[in-house]
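Everything on this sheet refers to the single structure shown next.
Readers should treat all values here as calculations from the given coordinates under stated rules, not as data from a laboratory. Everything numeric here is computed off the predicted structure, so don't read it as measured data. Every residue, glycine among them, receives a Cβ derived from its backbone with ideal geometry; neighbour counts consider all protein chains shown.
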Amino acid sequence: MGRGKIEIKRIENLTNRQVTYSKRRTGIVKKARELTVLCDAEVSLIVFSSTGKLSEFVSPSTTMKKVFDQYQQISGTNLWSSHYERMQENLNKLKEINYRLRREISYRVGQYLDDLNLEELRRLEHDLESSLRVIRDRKYHMIATQTETYRKKLRNLQETHSNLLREFETRRAEDPYYNEAEYESLVRMGNIGADIYSFRLQAGHAPNLPDAGDFGQYNLRLA
């Protein structure tokens, strides 16, 4: 018995559809390869599945680009014109954005200001003042963070020094032959260290820092 004809319509069952696609894709690629070998034809085949997966075949004697170029030449169709136009439009937009950004940077470093009117100069001044406030806030935040870090390090050093003194006192009490000179030296070193690290960061003693009032909420005292 011969096989009955299959009605050509969309296969609703997803599994059956995928199996049929796989089988027929293999068959059409086989036919394209046979056509290349038997007839010395240049064949290019592109297939996309319903999920967007690409399958392709091109004769070994050519490339996909050569096939497209030959198709354009014979058919008189330009496959790339619309794509080129979109790329050219996008390039022009990027050039305009780049030009505006470069001019804006120039204004912010004081160049080409003669091109601006009074209102534009006022707006630029306002933008610069806003940027300066943000930069100052960030700078003072970093100073406050570093100050707190140094304060923690100082507390750790003082705690370590106190622990060493207590340990030395214990050894001194237990050992009648303790080294008195070493003990005196250790005590003096601890006192000097405390004098060195116990200080207050005041604006009047640091000429490179702004007035103390400029620090606002940051409380940059280290003691």
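Can you work out ³J(HN,Hα) from phi for every residue in segment 43-60, in order, using Karplus 6.51 cos²θ - 1.76 cosθ + 1.60 and θ = phi - 60°, giving whole Hz and x for Gly and Pro?
10, 10, 10, 10, 9, 10, 6, 5, 8, x, 6, 8, 10, 9, 9, 9, 4, x
Lysine pairs in segment 13-159 with alpha-carbon atoms under 28 Å apart, 8 or more places apart or on different chains: how many are there?
Taking the Cα cut-off of 28 Å, the pair count is 13.
Explain nothing, just compute: Karplus ³J(HN,Hα) = 6.51 cos²θ - 1.76 cosθ + 1.60, θ = phi - 60°, for every residue of segment 142-153 in order, whole Hz, x for Gly and Pro.
Coupling constants for segment 142-153: 5, 4, 5, 5, 5, 4, 5, 4, 5, 5, 5, 4 Hz.
What distance in nm separates the simple spin-label points at Glu119 and Ile11, each placed 7 Å from Cα in the Cβ direction?
Result: 6.8 nm between the two label points.
From largest to smallest, what semi-axes in whole angstrom does segment 14-77 give when each is the square root of 5 times an eigenvalue of its alpha carbon gyration tensor?
After scaling each eigenvalue by five and taking roots: 25, 16, 8 Å.
In whole Hz, with x marking every Gly and Pro, tabulate ³J(HN,Hα) for segment 84-97 from phi via Karplus 6.51 cos²θ - 1.76 cosθ + 1.60, θ = phi - 60°.
Here the 3J(HN,Hα) series is 5, 4, 5, 5, 5, 5, 5, 5, 5, 5, 5, 4, 5, 5 Hz.
Can you quote the Å³ per residue value for the convex hull of the Cα atoms in segment 1-142, rounded to an integer?
Dividing the Cα hull volume of segment 1-142 by its residue count gives 337 Å³.
How big is Rg to Rh over segment 68-127, alpha-carbon atoms, Rh as the Kirkwood inverse-mean-distance radius?
1.42
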